[in-house]
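**Q** Pasting a structure here, questions to come.
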Amino acid sequence: MRTLRVGFVYFLLVFGTGFALALIRIPFLVPRFGVRTAELIEAPVMLLVIVLASRHLARRNAQLGRSARLAAGCTAFLLLVSAELGVAYFMGMRSPSEYIASRDPISGSVYLASLILFAVAPALWGKGSGPNPPFKPTPSARLNSRR
């Protein structure tokens, strides 16, 4: 159950950010630069969001193993794809196949790669990705520093 909750939170973080960025991209960037360039401008921001959100969730849920974090990422992936196709259907009345076919081949490929990263990113962070423990010098290091 915890894995599903982590996946849902991960989905909300990334989808919410993507939705907010779309409110900037669609009215301001698309008319000026075109769909492809606007989506390619947005892609690095979304990749950064994916990395930060997945690291944050891996740190906060360090007790989850790698396979549980992968399951959370896959859960978030399914939610994200469902939400994206749902929004495309209700906003543009396009079927999933029509929506996928309408994607630009270049920016669509970048988007597909980011979706794959989104799914596996929580499992990429190991135990070393957590906060660094404070430095505590050993007694011999304290003695050597006094000389």
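**Q** When the residues of region 50-83 are filtered to those that are over 12 Å from the mean Cα position of the chain (by Cα), touching a residue at least 12 places away in the same chain (Cβ under 8 Å) and closer than 27 Å to ILE26 by Cβ, which remaining residue is surrounded by the most Cβ atoms within 10 Å (Cβ to Cβ)?
**A** This residue is LEU79.
**Q** Let me ask you something else. Out of all the residues in region 98-147, which are over 28 Å from ALA71 (Cβ atoms), at pLDDT below 90 and polar (S, T, N, Q)?
**A** THR138, SER140, ASN144, SER145
**Q** Considering only residues that are of a type in the set (Gly, Ala, Ser) and free of Cβ contacts under 8 Å to residues at least 60 places away in the same chain, which ones fall in region 1-17?
**A** Selection gives GLY16 alone.
**Q** Enumerate the pairs (first residue in region 28-47 and more than 18 Å from VAL14 (Cβ to Cβ); second residue anywhere and surrounded by 15 or more Cβ atoms within 10 Å (Cβ to Cβ) and among the basic types (Lys, Arg)) with beta-carbon separation below 6 Å, excluding pairs fewer than 6 apart on the same chain, so at least 6 apart or on different chains.
**A** ALA38/ARG25
**Q** Quick check on my filter: what residues within region 62-97 are modelled with pLDDT of 95 or more and polar (S, T, N, Q)?
**A** SER67, THR75, SER82
**Q** Condition check: modelled with pLDDT of 95 or more and more than 20 Å from ALA121 (Cβ to Cβ). Does ALA20 satisfy that?
**A** It is false that ALA20 is modelled with pLDDT of 95 or more and more than 20 Å from ALA121 (Cβ to Cβ).
The values are calculated or read from the model by the stated rules, or taken from the named source; none is laboratory data. Not measured: the values here are computed from a predicted model. Note that we place each Cβ from the backbone using ideal geometry, even for glycine, and neighbour counts take in every protein chain shown.
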